[in-house]
1. What's the number of the condition residue A:134 fails, among (1) away from chain B (no Cβ under 14 Å); (2) without any contact (Cβ under 8 Å) to a residue 24 or more places away in the chain; (3) more than 21 Å from residue A:100 (Cα to Cα)?
2. Exposed (fewer than 11 other Cβ atoms within 10 Å of the Cβ) and modelled with pLDDT of 90 or more: is that true of residue A:235 in this structure?
3. Would you pick out the residues in segment B:150-166 that are within 11 Å of chain A (Cβ to nearest Cβ) and part of a helix (DSSP H, G or I)?
4. Considering only segment A:400-411, I want to know if a residue exists there that is over 30 Å from residue A:455 (Cβ atoms), loosely packed, with under 12 Cβ neighbours inside 10 Å, out of contact with any helix residue (DSSP H, G or I) (no Cβ under 6 Å at 6 or more places or on another chain) and modelled with pLDDT of 90 or more.
5. Quickly run through segment B:134-149 and pick out the residues that are within 20 Å of residue A:60 (Cβ to Cβ), over 13 Å from the mean Cα position of the chain (by Cα) and facing chain A (nearest Cβ under 9 Å).
6. Output the number of residues of segment A:337-352 satisfying the condition of being loosely packed, with under 13 Cβ neighbours inside 10 Å and touching a strand residue (DSSP E or B) at 6+ places or on another chain (Cβ under 9 Å).
7. I'd like to verify a number: residues in segment A:264-321 that are within 39 Å of the chain's Cα centre (by Cα), assigned to a helix (DSSP H, G or I) and closer than 20 Å to residue A:353 by Cβ, how many?
8. Every residue in segment A:322-363 that is part of a helix (DSSP H, G or I) and under 13 Å from residue A:275 (Cα atoms), please.
């Protein structure tokens with residue numbers, strides 16, 4: 001019966017209607033056919049008995065008077081009935097007295113029977129009746145009757161029953177369709193409507209309800225329910241929208257705050273009153289290598305080891321709800337430069353929150369810059385001094401150098417005037433010159449001039465720190481400057497300074513399409529020459545396994561032109577690297593460097609061109625100086 | 001049953017020639033006379049016996065007496081009475097009239113009509129003369145003629161079955177009496 005439970009109501013109605021009608025009509029048909037057959041049988045039986053009795057009565061005298069022809073005549077009267085096929089008269093001794101057969105029917109021998117109805121074989125019925133004369137039985141008459149007619153009647157009954165059945169079923173089908181229209185159609189419409197509601201999620205759909213019966217009440221009930229759901233849905237949607245908006249705003253705000261916290265270049269750590277980490281920003285993760293998940297819930301001292309010695313202060317501040325501002329402390333690792341930090345603790349007081357925010361800034365660079373600034377200030381004062389001294393020193397120096405030059409010129413054989421003057425006094429200029437050379441006087445004079453020139457250079461370098469230094473900004477092609485510098489450097493070798501460009505491989509890596517830069521060409525050339533010379537010196541001093549090589553790169557950055565001078569020399573230790581731009585800091589032997597070259601370069605690039613000069617180095621792997629010059633000069 | 005066997009025996013015997021054949025035919029006739037009693041509605045009387053009277057000389061006396069020995073008609077014993085005169089026949093139900101009854105046939109018939117006596121003959125022409133049932137030979141078998149007018153006059157209703165077996169003859173007596181046939 002599962003199939004029945006699963007078929008549609010419409011089909012159920014039709015099936016029930018048809019099954020009921022089928023059962024009723026079948027029962028009716030069976031009853032009708034059976035009854036008709038039974039009645040016909042009874043009728044036939046009665047008729048046969050009547051005929052037999054009549055013949056028995058009429059046969060009494062012929063049998064009594066042994067009048068065979070008369071008896072046969074009586075039997076022959078049975079021919080009036082088409083159904084009688086054979087008739088026999090037996091005498092009291094059972095002997096056949098007379099017989100009759102319907103014309104055309106075969107002879108049939110029938111044994112004598114006692115009175116009554118007998119169903120014969122092959123659709124024949126035998127009826128026997130005793131022949132009586134005043135209570136004395138003088139014989140028996142038997143009739144064999146064809147009952148095929150019963151089958152005809154049965155067939156007719158069945159035809160009528162079948163017709164009635166077909167008409168009944170047709171009517172039942174019509175009725176069920178009508179019922180279906182009246183009952184199942186509205187239910188089907190209701191189901192379709194509910195399916196639409198379910199599929200489309202549209203609770204505004206309503207069932208059409210033109211009726212006042214139970215189905216109408218059902219539709220009304222559904223409509224009411226849908227109305228309530230729709231109202232609830234609307235309210236829920238509105239609430240959800242508000243909630244969603246709030247959540248989004250909150251999320252945005254949280255992300256924004258997190259972004260702010262993460263964007264801070266400071267280490268920001270939120271701690272609870274016990275000093276356990278509750279929040280951890282990106283800088284903290286960057287500094288410690290621990291993610292927020294890894295550090296959350298752990299004591300701040302464990303995850304921020306640099307705070308180890310400051311923990312007591314932090315705890316006290318958190319406990320007392322007191323701010324701790326700009327507490328500077330230093331931590332020195334083994335064999336490392338000291339690192340400087342600024343520590344701030346802000347107690348959380350708003351909204352009943354407990355704990356504090358710890359802010360930690362690595363101010364090592366700042367401290368160093370501050371220190372450098374102090375030195376720069378020193379240089380400035382040197383510059384100021386130099387500017388004041390320049391004339392005073394330059395004038396005597398000029399006198400000395402000019403005098404040296406004059407001495408050299410006046411002992412030269414190249415000038416006829418010198419020869420004449422010597423002849424006037426009777427001396428041979430050649431001899432004089434020979435004497436001077438022999439005694440090394442000319443060499444002294446050359447030494448005086450060389451040292452004087454060097455002194456003038458130092459003064460000129462010192463003047464570079466002077467703000468008064470003139471600057472002629474012109475737009476130049478950086479690649480061209482680099483080429484010029486490299487050409488100059490190639491011709492410049494100094495045995496004393498032990499460098500020789502002829503042994504150094506120079507590699508140029510110029511990015512194509514470089515923009516021109518506005519700068520003081522001479523100053524930039526000075527800086528580049530200084531860097532290239534330094535590199536060559538570094539390569540000369542080192543005993544590296546690699547072939548000495550200097551790579552000069554020029555590349556474009558969004559707002560700068562970057563010039564790199566890289567060597568594959570011995571490189572620098574970190575503590576040296578940090579100090580290379582300090583004035584008067586040098587690792588070269590006394591007399592080789594003044595300690596001003598790199599600091600002057602730094603000054604030219606940073607102060608005069610608003611650019612940057614940095615150095616990267618790994619001991620044993622060489623060094624790389626990086627100049628960044630802004631594309632657009634300000635001021 | 002015995003009578004039937006008897007009757008069948010005589011039936012075939014009747015076809016034979018000679019005295020034996022005549023004797024068997026007499027036996028059949030006697031049996032027929034007895035059988036007639038079943039098909040006629042007799043008037044109610046106080047008589048103790050059912051009497052068959054024989055008037056004149058006839059061969060049927062012996063077979064009738066044979067039949068009457070162990071048979072009754074209804075509840076009444078069957079009695080065969082040989083009569084010399086017509087008066088002796090009074091009280092009989094059936095009167096067997098021989099070929100020479102010793103008295104005029106008219107008087108016999110008159111008495112029979114008045115006393116509701118069935119007249120039976122075995123002489124050719126008797127039926128036409130007014131005897132109710134007269135034996136004859138039909139198709140070489142013993143049969144009988146019947147004068148329905150005589151039966152009506154005698155007031156004896158007869159079964160149609162018996163009538164259907166009989167050869168009906170015209171009633172000349174009635175014609176003579178009333179001057180026109182029925």
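1. Every listed condition holds for residue A:134 apart from (1).
2. Working: exposed (fewer than 11 other Cβ atoms within 10 Å of the Cβ): yes; modelled with pLDDT of 90 or more: yes.
Criteria met by residue A:235.
3. Kept after step one, since they are within 11 Å of chain A (Cβ to nearest Cβ), are these residues of segment B:150-166: B:158-166.
Across segment B:150-166, the qualifying residues are B:160, B:161, B:162, B:163, B:164, B:165.
4. No.
5. Residue satisfying the conditions is B:141 alone.
6. Residues flagged as loosely packed, with under 13 Cβ neighbours inside 10 Å and touching a strand residue (DSSP E or B) at 6+ places or on another chain (Cβ under 9 Å) within segment A:337-352 amount to 1.
7. So the count comes out to 4.
8. Across segment A:322-363, there are no qualifying residues.
The values are calculated or read from the model by the stated rules, or taken from the named source; none is laboratory data. These figures come from a predicted structure and were not determined experimentally. Glycine also receives a Cβ, built like all others from the backbone with ideal geometry; neighbour counts cover every protein chain displayed.
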